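All remarks here apply to the structure that follows.
No value in this document is a laboratory result; all are computed from the given coordinates. All of these numbers come straight from a predicted model, not from anything done at the bench. In this analysis, Cβ positions are derived from the backbone assuming ideal geometry, glycine residues included, and neighbour counts consider all displayed protein chains.
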Amino acid sequence: MTTTSEPQQLQLTAGDQMVRPSSSLGMLARPRGDTGWRSWLFTVDHKRIGILYGAAALIFLVVGGVEALLIRLQLAAPGGRVLSEDAYNQVFTMHGVTMVFLVIMPLAAAFSNFLLPLQIGARDVAFPRLNAFSFWCFLFGGIFLNTSWMLGGAPDGGWFGYAPNSGLVFSPSHGMDFYALGLQITGIASLVSAINLIVTVLNMRTKGMSLWRMPVLSWMLLIVQFLLLFAIPVITVALFLLMFDRLFGANFFNVAAGADPLLWQHLFWIFGHPEVYILILPAFGIMSEVIPTFSRKPLFGYPFMVFSGIAIGFMGWGVWAHHMFTSGVGPISVAAFSLSTMFIAVPTGVKILNWLATMWGGRLQFTTAMLFSIGAVAMFTIGGLSGVTHAIAPADTQQTDTFYIVAHFHYVIFGGSLLGMLSGFYFWWPKAFGYKLNERWGKASFWVLMLGFNLTFGPMHILGLQGMSRRIQSYSADAGFSFWNAMATVGAFVTAIGFLIFIMNIYRSRKAYRSGLLKPVGPDPWDARALEWMTASPVPEHNFDREIVVSRQDEFWHRKWEIKDDGKVVRRARAEDVAHDGSAKGIHLPSPSYWPIILALGLPLLAYGLIFNIWISIIGGLVVLGAIYGWVLESPDDPEAHDHEEHHSDAVSGNGSGPADVHLPAVADSGADPAAKAL
Amino acid sequence: MTETDTALADPAPEVAQEQAPQGHAEEAVAVQEVGGTTTGISHNKLMMWLFLGSECLLFGALISTYMFAKSRLPEGEIGPLDVFDIPFTSVSSFVLLMSSLTMVLALSAMNRGNERGFRIWITATSLLGGTFVAGQVYEFTVFYNHGLGYTTNIFGSAFYTLTGFHGVHVSIGIVMLMSLLMMNLRGSLGPDRAERVELIGLYWHFVDIVWILIFTIIYLFPQ
């Protein structure tokens with residue numbers, strides 16, 4: 001976008017009212033309003049969608065957490081009687097599915113939706129309505145999966161759903177149908193969101209924001225979207241095959257007809273291993289934002305961080321068979337995948353060393369966000385090291401299917417991803433809501449979580465090496481597993497208390513803020529570095545008042561601070577003076593829409609119909625068709641402007657670096673002379 | 001408040017305009033906004049390319065599944081050699097490939113502002129695509145009458161799933177082509193929005209290319 005030659009970019013001059021288009025189809029008034037439940041249900045604002053993702057993920061975290069506690073209660077003592085074998089299968093399957101697909105992935109989506117457009121200086125994502133659709137699709141898919149509890153039993157074949165074990169013969173309940181169809185729906189959400197965000201990052205960076213000036217978080221999220229783009233279709237095929245087998249009697253996994261069980265394993269893990277990096281890379285990005293901020297230093301080795309992220313993205317496609325060392329893939333495959341798995345530890349190690357080097361010599365501030373990030377680095381390192389032991393195939397054949405594996409992936413996913421995300425919560429909470437979470441409660445929750453987490457999963461290393469199998473609902477008293485299992489159960493409840501403190505913190509801080517006890521924060525409470533801090537907190541609907549012109553990495557920081565020739569850093573301007581105050585008026589924004597949520601609502605109906613009664617499918621199909629029809633006929637924005645009408649998407653072809661209808665004011669903020677704006 | 005800032009030397013802001021850190025100065029040149037977006041490619045076109053990239057993996061997984069399944073078909077069961085009719089499928093493949101040609105002609109006509117030509121060629125593309133799908137339906141019927149049902153054996157399941165997925169893609173393509181035609185007849189699609197035709201064209205060519213792969217791998221090497 002140039003600042004001079006495109007008059008239509010400046011839709012309205014400052015001082016006008018915020019424009020709200022009036023209707024969509026004529027017969028159906030367009031949703032409007034900035035407050036109330038409608039403003040959330042029909043929103044297309046990337047920040048609100050990000051918050052919705054975060055809230056939904058936290059609710060699913062509670063669901064998955066309760067399932068985890070049930071598992072630990074069952075295993076607390078030998079011969080547990082809390083859950084039957086069948087119920088245990090369902091609970092551990094749903095725990096895994098919930099935590100992977102309904103907690104960590106949407107948490108990453110929350111951060112990418114909220115932060116990506118802000119970090120690249122954009123007004124919104126490229127396709128705002130598709131963005132809303134992604135969220136509702138994920139939410140309804142998640143609810144659909146969880147309704148299986150009440151409709152004949154939850155999935156019971158593990159989150160990996162190995163066929164033929166997940167076929168009709170061994171899993172006759174509807175559970176695995178819910179699994180196949182529910183993950184298909186959340187897969188659509190991820191795929192649409194991935195395409196949307198890649199287009200956003202590639203096409204909507206503000207002036208001067210080259211790829212090599214993007215914050216590391218933006219980079220990691222971009223890499224994750226590419227991983228999703230290519231991994232989701234593979235699991236889609238696997239789930240289709242499973243569904244066709246179960247519902248229509250196909251023979252893909254019918255061993256009696258000659259099928260090979262390895263087919264599922266290959267398809268699943270070709271998706272499943274990139275999925276591991278889909279879970280961890282967003283947390284890596286968050287840590288790369290938090291650690292420099294609280295070390296008062298720039299990130300050490302920015303290009304190394306980015307390149308190692310890219311390397312992980314590529315190499316993540318070449319290690320999947322290390323999940324299958326004991327499945328008989330043959331010695332050459334085992335050797336090759338063993339090597340590639342060891343190699344992928346290198347870029348990961350580079351990242352860890354870079355975080356340490358960032359902290360080295362820094363003036364560390366141990367805020368809650370920083371503590372969580374440091375904790376995540378430490379815990380992920382432990383998990384990474386046990387991961388390297390899996391890469392050694394002979395060792396892995398001993399570890400496979402034992403609690404050692406459970407310990408490993410909880411250290412990386414809980415200790416790495418989830419702690420990283422929690423760090424992000426504390427870090428960006430003021431940006432999203434305008435007030436900080438309580439630091440004392442935050443630190444309490446951190447230490448309780450660390451204690452509980454290590455008490456739960458540390459002993460599982462020992463249990464696993466002693467030979468305790470995972471996915472078995474009971475063990476005998478003379479197996480020697482009793483003590484550490486009891487410890488792990490205690491740890492699980494301590495962890496639960498840690499999360500409870502976190503949720504209490506949200507509740508209390510919010511209450512304090514509402515009653516005026518907690519002061520609203522300024523735009524930049526942490527003296528941070530990336531562009532999202534360069535606007536008011538909470539972020540106004542239009543993000544930035546003016547287009548920002550970027551001339552280097554950490555543009556915002558450099559506008560606040562100046563480095564003298566002797567290395568001294570002196571303040572150039574106050575954050576309040578550099579940051580936009582969000583007062584711009586009359587900025588044209590994409591309008592809310594009914595269709596994303598209606599379209600998403602049709603998909604679970606389609607899925608229920610396939611399981612129970614084809615008539616429900618027909619209703620769902622009609623809802624989907626009607627919603628697509630409405631979507632296409634509804635202009636993404638102003639109904640008067642016919643050039644915004646779009647056939648199958650909601651962006652205008654070719655012009656405007658904003659979303660279809662998002663226009664930045666022509667006044668650019670190059671920050672060339674911040675002192676002029678300072679006092 | 002001071003800070004030790006070693007990794008990033010901070011030049012005066014005026015100088016910094018052209019100076020990207022860490023030796024990526026050439027990147028500063030790369031960020032030129034051609035055509036309004038950072039890359040110069042429209043949002044919609046980028047979306048279509050990304051979607052097609054994703055589709056590559058979808059068909060890649062389906063074709064791999066087919067190869068895997070076919071190789072494990074037990075002796076004596078009805079297999080590819082028993083049912084394939086290469087001359088017939090060659091003709092329908094030719095029909096589909098010709099539809100790519102008419103698609104190009106439709107786009108070219110639209111770009112030149114020849115809306116009548118566009119309507120003719122887009123109709124031709126839809127008809128050729130429809131002929132292909134009809135041929136597929138006919139082929140499926142013949143195979144079924146030969147005793148190859150969807151659940152008959154592992155080859156049947158894999159064959160119908162792969163070609164069925166492709167057939168659904170062609171059908172969706174036809175719906176989109178017809179939508180373009182309707183939009184043009186209603187007056188909402190003119191040469192100023194030829195890019196939409198181009199986007200649907202990209203999809204259409206992709207589906208054709210996938211068929212070339214399927215025809216070669218599945219039909220021409222049935223062993």
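One table, with the values for the structure above:
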read-out	value
FRET efficiency, A:SER476 to A:THR397 (Cβ-Cβ, R0 30 Å, nearest 0.05)	0.80
Residue mean of other protein chain beta carbons inside 10 Å, B:156-168	3
Cut-off under 5 Å, modelled amide H: who pairs with A:THR402 long-range	A:ARG470
Relative contact order (%) - criterion: Cα under 8 Å, at least six apart; region: chain A	20 percent
Kyte-Doolittle mean at least -1.0 and Cα axial length at least 27 Å: DSSP H helices in chain A	A:46-75, A:128-147, A:175-203, A:216-248, A:262-295, A:331-359, A:368-391, A:439-466, A:482-514, A:614-633
Share antiparallel - DSSP beta bridges, the protein assembly as shown, percent rounded to 5	75 percent
Local net charge near B:TYR144, Cβ-Cβ under 14 Å (Lys/Arg +1, Asp/Glu -1)	-3
Separation of alpha-carbon centers, the range A:173-199 and the range A:248-318, rounded to whole Å	17 Å
Relative contact order %, the range B:43-220, counting alpha carbon pairs below 8 Å whose residues are six or more apart	33 percent
Calculated [θ] (222 nm, deg cm²/dmol) that DSSP helices of n ≥ 4 give over chain A, each run adding -39,500 (n - 2.57)	-19500 deg cm²/dmol
C-alpha center-to-center spacing [the range B:40-110, the range A:132-153] in angstrom	32 Å
Efficiency of FRET between B:ARG112 and A:SER39 - r from beta-carbon atoms, R0 51 angstrom, step 0.05	0.65
For the range A:567-621 and the range A:340-382, distance of Cα centres in Å	32 Å
Per-residue Cβ neighbour rank within 10 angstrom, fewest leading, A:THR367, A:THR400, A:THR389	A:THR389, A:THR400, A:THR367
Residues whose placed amide H lies under 5 Å from that of A:VAL569, excluding near-sequence neighbours	A:LYS564, B:GLU3
Whole-Hz couplings from phi, Karplus 6.51/-1.76/1.60, listed for the range A:539-555; x for Gly and Pro	5, x, 4, 8, 6, 10, 6, 10, 5, 9, 9, 9, 10, 6, 5, 6, 3
Fewest-first ranking of A:TRP360, B:TRP204, A:TRP631, using other Cβ atoms within 10 Å as the exposure measure	A:TRP360, A:TRP631, B:TRP204
Cα gyration tensor shape for chain A, rounded if a/c is under 1.5, else prolate or oblate	oblate
Average other protein chain Cβ within 10 Å of Cβ, residues A:238-249	3
Likely footprinting exposure, A:TYR507, A:TYR179, fewest C-beta neighbours within 10 Å first	A:TYR507, A:TYR179
